[in-house]
Amino acid sequence: MDGTLMDSGKAHFVSWKAAFEVNGHPFTREQWNVLFGRTANDFFDLVMPGSAPTDRAAVLAEKSRLFLGDAVR
């Protein structure tokens, strides 16, 4: 690695958006702007308030799968 920093913000937004939407929860750029840099729980509290842990786990697994897929391309 040459020490070059990568801006991963776009990849995170795209993967969160896709993961939420495939699980039936719209996710907007405005929500992203509020949540960028926050914890996954903050995302769920805003986008899926009161959701079950299993529903949150499904979204998080999909987000991770998508993000890692983009990161290793």
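Worth a mention:
- In the context of the full set of protein chains, residues of segment 1-61 present 66 Å² of accessible surface per residue (probe radius 1.4 Å, heavy atoms only).
- For Cα Rg over 2.2 N^0.38 Å, calculated from these coordinates, the label among [x] 1.04; [y] 1.13; [z] 1.00: [y]
- Share of carbon and sulfur in the accessible area of the chain stands at 59%, probe radius 1.4 Å.
The values are calculated or read from the model by the stated rules, or taken from the named source; none is laboratory data. Because the structure is a prediction, the values reported are computed rather than measured. Note: areas computed on protein heavy atoms with side chains; ligands, DNA, RNA excluded. Shrake-Rupley method; radii C 1.70, N 1.55, O 1.52, S 1.80 Å.
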